[in-house]
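Single-structure report; data block below.
The values are calculated or read from the model by the stated rules, or taken from the named source; none is laboratory data. Everything numeric here is computed off the predicted structure, so don't read it as measured data. For neighbour counting, all protein chains shown are included, and Cβ atoms are generated from backbone atoms with ideal geometry for every residue, glycine included. The accessibility values were calculated without ligands, DNA or RNA, using every heavy atom of the protein model including side chains. Shrake-Rupley method; radii C 1.70, N 1.55, O 1.52, S 1.80 Å.
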Amino acid sequence: MDFRDTPEEAAFRKEVRDWLDANLDRAQMQTQLSVGPPEERIDNLRAWQGKLHEGGWAGVSWPKEYGGRGAGLMEQAIFYQEMARSKAPAPINVIGLGMAGPTIIVHGREDQKQRYLSKILSAEEIWCQGFSEPGAGSDLGALRSSAVQDGDHYVINGQKVWTTLAHVAKWCIFLARTDPEAPKHKGITYFLVDMESPGVDVRPLKQMTGTAEFNEMFFTDVRVPRENILGDLNDGWRVAMTTLMNERGTLGFALSVQARIALDELIAKAKVLKRNGKPAIEDPVIRQRIGQLHVEIEALRLTGYRALSTVIKTGIPGPEGSLGKLLWSESMKRLTDLAMELYGPAGLTTEWKGDDDLKRWAFAALRSRGNTIEAGTSEILRNIIAERVLGLPRHR
Ligand SMILES: Cc1cc2nc3c(=O)[nH]c(=O)nc-3n(C[C@H](O)[C@H](O)[C@H](O)COP(=O)(O)OP(=O)(O)OC[C@H]3O[C@@H](n4cnc5c(N)ncnc54)[C@H](O)[C@@H]3O)c2cc1C
């Protein structure tokens, strides 16, 4: 594969880069977003998405008729790459833009598309994803939330957990069992639920990072109009697969850029922080670990290209997406752990005394654990790789 941009791709890259240079106040964003109070972070991110939307950069891959840019896969990858390179924060409505919106575009009726899509792009309405439950995470098909028909409505009861952004969301893509007699993956329906409905109780869950980015949700007799079903009744599993296929998308490509930036920052830190009285970078063990991370991040970059080639050729994401996500999340865990080791005992405290740099590293180290769980745990990804890449026997 030729890794160089074609003239059209180079022009597109320049357009993204110029726009980001003109519109992103990096220093302000970095400080406000990574260490500021949570409410301020949400407001800033909402404003940032508004800016992206005005510039025509929200929903890069969405069709033009629904307010997107209608860009191809390569342009999408370039866009994410440039966002990562410029350290631009992701838009607040990640679930709306990357999962709910694309699923509505594929399975929605025209009136649903008109009602929901433009407000996803502008971040006027934030979305969350109510899939996981206490007994249904990796095995999502085991979900037990129920929806029972009552005239023109369905009445939903159940509990969801890990629901990112539910505390600020207006809408939720929600899976509920509508036919308890049907086999596990059948009898599930995909609903679009108004989070302001009576009976929705959202309780933030505080993570070890100190922030509460996700929640548990309790639904008690929540009435949802029948017209808010997405796709067909009892066909929710198929609709949910569209959402999950979009979850990793072309993001893998940007993750390798993010990881490269983090490694370069770590190398710069290792030149400053001391170990046994000398700059840490002079320690052969530290150098070896940095070398190993370099190899992993290069492998991640090339895997990103392979994944992209597969999708461009076949239209279907291959198992490379799982390889990339596994490699990225596990490497970032090792990378941030090394950063914490370089900081020594200072890295262990939760009182960072105004050292924003240490605060960011410590946050990244603690948050990296979550990356190995969300969007498929490392164990589940290893199962996929074992079965679909290595051709080992199925685990069940
Ligand atoms: C930061 C974060 C954000 C999230 N946001 C959302 C969200 O917005 N909406 C949403 O619906 N969900 C969300 N999730 C939930 C996420 O999808 C689940 O946590 C994930 O699917 C794992 O499910 P579980 O937590 O129930 O663990 P389980 O599935 O119970 O797994 C427990 C352990 O067993 C292992 N395991 C399970 N099955 C197997 C197997 N077959 N073989 C080998 N090992 C196995 C797992 O790897 C894990 O180590 C989020 C999670 C995180 C961490």
Within the group Gly391, Gly315, Gly354, Gly321, which residue is more than 16 Å from the ligand (Cβ to nearest atom) and either under 19 Å from Phe253 (Cβ atoms) or hydrophobic (A, V, I, L, M, F, W, C) (or both)? Gly315
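I'd like to check which helices (runs of 4 or more DSSP H) are fully inside the stretch 72-123 and have at least 1 residues that are under 13 Å from Arg46 (Cα atoms). Can you show your working first?
On the way: elements: 73-85, 101-107, 110-121.
Answer list for the stretch 72-123: 110-121.
Determine, yes or no, whether Thr372 is within 16 Å of the ligand (Cβ to nearest atom), among the β-branched types (Val, Ile, Thr) and either open to solvent by 60 Å² or more (accessible area, probe 1.4 Å) or closer than 14 Å to Leu255 by Cβ (or both). Spell out the reasoning first.
Values: within 16 Å of the ligand (Cβ to nearest atom): yes; among the β-branched types (Val, Ile, Thr): yes; either open to solvent by 60 Å² or more (accessible area, probe 1.4 Å) or closer than 14 Å to Leu255 by Cβ (or both): yes.
Judged against the criteria, Thr372 is a match.
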Please name all residue pairs, on different chains or six or more residues apart, with Cβ atoms under 7 Å, provided the first residue is in the stretch 366-395 and is part of a loop (DSSP other than H, G, I, E, B) and the second residue is open to solvent by 80 Å² or more (accessible area, probe 1.4 Å) and of a type in the set (Gly, Ala, Ser). Thr377/Ser138
Hey, can you tell me all the residues within the stretch 52-71 that are out of contact with any Phe, Trp or Tyr (no Cβ under 6 Å at 6 or more places or on another chain), outside any helix (DSSP H, G or I) and not charged (D, E, K, R)? Gly56, Trp57, Ala58, Gly59, Ser61, Trp62, Pro63, Gly67, Gly70, Ala71
So for the stretch 316-333 (the condition being open to solvent by 60 Å² or more (accessible area, probe 1.4 Å) and without any contact (Cβ under 8 Å) to a residue 12 or more places away in the chain), does at least one residue qualify? yes
Residues that are surrounded by fewer than 17 Cβ atoms within 10 Å (Cβ to Cβ) and farther than 19 Å from Phe253 by Cβ, drawn from the stretch 12-24: Asp18, Asp21, Ala22, Asn23
Restricting to the stretch 118-153, and then to whatever is within 21 Å of Thr220 (Cα to Cα), hydroxyl-bearing (Ser, Thr, Tyr) and in contact with a Gly (Cβ under 9 Å, 6 or more places away or on another chain), can you tell me which residue is least open to solvent (accessible area, probe 1.4 Å)? Ser145
Taking the residues in the stretch 202-223 that are open to solvent by 30 Å² or more (accessible area, probe 1.4 Å) and hydrophobic (A, V, I, L, M, F, W, C) as candidates, determine which candidate is farthest from His107 (Cα to Cα). Met208
Hey, Ala182 hits all of (1) away from the ligand (no atom under 15 Å from the Cβ); (2) open to solvent by 40 Å² or more (accessible area, probe 1.4 Å); (3) of a type in the set (A, V, I, L, M, F, W, C) but one; which does it fall short on? (2)
Against the condition open to solvent by 70 Å² or more (accessible area, probe 1.4 Å), on the phi < 0 side of the Ramachandran plot, modelled with pLDDT of 95 or more and more than 15 Å from the ligand (Cβ to nearest atom), how does Arg226 come out, does it pass? yes
When you scan the stretch 154-176, how many residues do you find that are open to solvent by 20 Å² or more (accessible area, probe 1.4 Å), within 8 Å of the ligand (Cβ to nearest atom) and on the phi < 0 side of the Ramachandran plot? 2
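Just to check your reading of the model, which residue among Arg226, Arg289, Arg260, Arg275 is in contact (Cβ under 8 Å) with a residue 12 or more places away in the chain, in the same structural domain as Ala364 (by TED's automatic domain parsing) and touching a Gly at 6+ places or on another chain (Cβ under 9 Å)?
Arg275
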